[in-house]
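Student: I have a structure I would like to understand better, so I am pasting it below and will then ask my questions one at a time.
The values are calculated or read from the model by the stated rules, or taken from the named source; none is laboratory data. Because the structure is predicted, anything quoted here is derived from the model rather than measured. Every residue, glycine as well, gets a Cβ built from its backbone with ideal geometry; the counts of neighbours run over all protein chains shown. Surface areas here come from the heavy atoms of the whole protein model, side chains and all, with no ligands, DNA or RNA. Shrake-Rupley method; radii C 1.70, N 1.55, O 1.52, S 1.80 Å.
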Amino acid sequence: MKKLIYVLVAIVVALGLCVVGINAYLNSGKIKQLAIDQVQQHIGRELIIEGDLSLSIYPSLGLKIEKVALKDNPNFSKEDTLSVDSLIVAVQLMPLLSNQLLIDQIALQNPSIRYVTNGQGITNFDDLKAKPNAEEATATSEAPSESNAPSEPWELVLSKLLINDGQVLIDNQGEQTRLGPLQLTINGEGLGKSNRLSLTSPVQVPGASIDLSLMTELVPAEDLSRIDLSQFELSLKGKGDMFVGGKLDTAVDAKGYLDTNASLLNLEGLNLRVDANNKLDGNVQINYAAKPSIVFALASKKLDLRPYMAASDSQSPTDSSTSSTDQSEKEPKEGDSQSAATNQEPDLSVLQSFDLNGSLEVDSLMIEQTTLSVVLAKVVVESGVLKVNTLKAKMFNGSLSAVANLDSNPKPHTAALTLDVKKVAARPMLKAFADFDKLSGNLAIAMDVKVKGLSTPNVRSSLSGPFAFTFADGAYHGVNVAQMIRNAKAAFSGSKSTAAEQEQKTDFSELLLQGNFAKQRANVSKMQMSSPLLRIDGKGNTHLVNESINFNLTTKVVASLEGQGGKNDLEGISIPLHIKGSWSQPSYEVDMKKLLEGSAKKEIQNRLEKELGLDAADDSDPKKQLLKGLGGLLGG
């Protein structure tokens, strides 16, 4: 940048001498041709100057050029890289004699910049970044010096930079972003001193339009290696389908600095207003080199993500990609929710375009029907892999701890989750996250699962890994097992149940579910329920795609079904219970044959004990031991 300034100084001085000394012999055509030849010689580009070139010396040394364009490298395209309708430079003449470049104004009218990346990843600026060849480098290094004495440094002061109706086109393999008409003003006092920048421009991106406004105080270093920023204010307001509710209203206030050597932007004391309900504070550091890298530490009192999640859920599927697993096992049925689920795989390749390392602390985080509190998340993005190394939160009177990663490199994308949930209120949590409200109590979850594909069908089809759910002091709502057994026994005996109708729930002190996800199913290898009345053991599975249930349970009555003081004539009998059907409409059946066998065996055993005069509580009696030995004859 400084070399460019020196070149500009030399040009202005030379033109000033031409004006003062040989104005009569001035030929603007020769000057334009000289500039064209020099550009062609040094960068291999075509420079076109269609307009006039004029000089003035009062009230300041001025240069005006009209209709100038720099063409793309001919091997890239025939379009303009840069163009401007008019360029005006006004410099104070007398300070030049004392190594001061006092620029009253630089004004550009209708400047245009095209930054294009083609299908091979080559841009129309790449050849301008090339290093000088060996001959040019040698010629420069061997150029004779007129004086060995060190030259005095130049003082640069730019009073005003003005850009009117600028245009910027960024074309990334056909996907275009446009800025303009752009208005830029810099009013300042020069290098090492305060300068005021103001920038406004409409921005057009695919599917949205944005109004950009930027104002800041900047202090550039003498060598332009660092630019300090204060009162940095950025505003983005826009409309488009890509925004929640079709609107964007974001603002940033901060201070910081720009390190031009390290390509680093550092913002401190950041206040980020994402929208009217979401604000973040903290620090952000952006390295904008070839692959951007972002480091952040942000905090918020309250974040409400519900509008964003609702917008994501409302998007219509446009892709009908198939599951990563064989679909022949699905056997879709009428009303199967699979038909309503989106098959669209998200494209998260954007994770490969940047690196990220940051932390987020939120006092209150609202998602769907849930509010999480004291949330701490530590996130890393590297080589296209998103890692949540720490996620902790309090919710539903309990706590959550998780580690997760998402890999955007394979297709479809893969993800893994290790989850540890402790002492949460089960019923509201399951209702919020799974729309399932049949289980209540204190819930603990341990889970280590993986998926291949992130669409709903692929998650259900590829979900794998172990799980354990432990419910304490709760109930299963929708069925009263004790009452079912009473009714079944009464129906078998031909009598009517005298028990009053009770709430349809089965209380328990503990319910344990252990198993694993595999082959589109949640396979429960161990299911145990303990309650004051019943003991239930069983196993089974639920199909995650068809949403069907198939569980076989064995129920044992351990206390009176009639309540305290009631007769327990079913104690010790194993009662098979079969649960089947769908998630939304499960059915419960008691195996009457096995119930009959168990009941008959118990009745015979009680009659023999009575006839032999045995004490039911005394297992040491030899006659009772003999009776137990004969139990096998009764099917025991």
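Student: Under 5 Å between amide H atoms, partner at least 5 residues away or on a different chain: which partners does Thr81 have, H built in plane at 1.01 Å?
Tutor: Counting only residues 5 or more places away or on other chains, the set is Leu70, Lys71, Asp72.
Student: Want the number for Glu175 to Glu46: 0.36 nm per residue separation, take away the alpha-carbon distance, what's left?
Tutor: Extra length available between Glu175 and Glu46 comes to 43.8 nm.
Student: Also: So which GluC sites (Glu not before Pro) in region 354-414 are both in a DSSP loop and have at most 14 other Cβ atoms within 10 Å of their Cβ?
Tutor: Loop-located and lightly packed - Glu368.
Student: Given H placed 1.01 Å from N in the peptide plane, which residues other than close sequence neighbours of Lys505 have an amide H under 5 Å from its amide H?
Tutor: Result for Lys505 returns Gly478, Val479, Asn480.
Student: To continue, here is another question. Just to check I understand the Karplus step: with θ = phi - 60° and J = 6.51 cos²θ - 1.76 cosθ + 1.60, what whole-Hz values come out for region 265-279, glycine and proline as x?
Tutor: Couplings: 10, 10, 10, 10, x, 6, 10, 10, 9, 5, 7, 4, 10, 10, 9 Hz.
Student: With +1 on the Cβ of every Lys and Arg and -1 on the Cβ of every Asp and Glu, and nothing else charged, how large is the dipole of region 375-434 about its Cα centre, in debye rounded to the nearest 20?
Tutor: Value, rounded to 20: 340 debye.
Student: From the phi angles alone, apply the Karplus equation (6.51, -1.76, 1.60; θ = phi - 60°) to region 433-447 and give each ³J(HN,Hα) in whole Hz, x where the residue is Gly or Pro.
Tutor: 9, 10, 6, 10, 10, 8, 10, 10, x, 8, 10, 10, 10, 10, 8
Student: Compute the length gained on full extension between Gln38 and Gln369: take 0.36 nm times their separation in residues and subtract their Cα-Cα distance, giving the result in nm to one decimal.
Tutor: My answer for the length gained is 112.4 nm.
Student: For a quick check of your reading of the filter: which GluC sites (Glu not before Pro) in region 28-93 sit in a DSSP loop and have no more than 14 other Cβ atoms within 10 Å?
Tutor: Glu50, Glu79
Student: Could you give the length gained on full extension between Asp259 and Lys556, defined as 0.36 nm per residue of separation minus the Cα-Cα distance, in nm?
Tutor: Computed gain between Asp259 and Lys556 is 99.5 nm.
Student: Mark the label point 7 Å from the Cα of Asp347 along Cα→Cβ and return the residues of region 444-484 whose backbone N is within less than 17 Å of it.
Tutor: Counting only backbone N, you get 454-455.
Student: Would you mind checking the pairs Lys438/Lys539; Lys30/Lys160; Lys279/Lys378; Lys394/Lys505; Lys526/Lys580; Lys302/Lys392 and listing those with alpha carbons more than 21 angstrom apart?
Tutor: Where the Cα-Cα span goes over 21 Å, the pairs concerned are Lys30/Lys160; Lys394/Lys505.
Student: Return the sequence-ordered ³J(HN,Hα) values of region 96-103 in whole Hz as given by the Karplus equation 6.51 cos²θ - 1.76 cosθ + 1.60 applied to θ = phi - 60°, using x for Gly and Pro.
Tutor: 4, 6, 10, 6, 10, 9, 9, 8
Student: Shifting gears a bit: Rank Arg178, Arg196 by accessible area, highest first, at a 1.4 Å probe radius?
Tutor: The most accessible residue leads, giving Arg178, Arg196.
Student: Then there's this: What is the set of long-range amide H partners of Ile57 at a cut-off below 5 Å, with H atoms built 1.01 Å from backbone N?
Tutor: Answer set, sorted by chain and number: Gly62.
Student: Round to the nearest 10 and report in Å² the accessible area of Phe517, as given by a 1.4 Å probe over the protein chains' heavy atoms.
Tutor: In the full protein context, Phe517 sits at about 30 Å².
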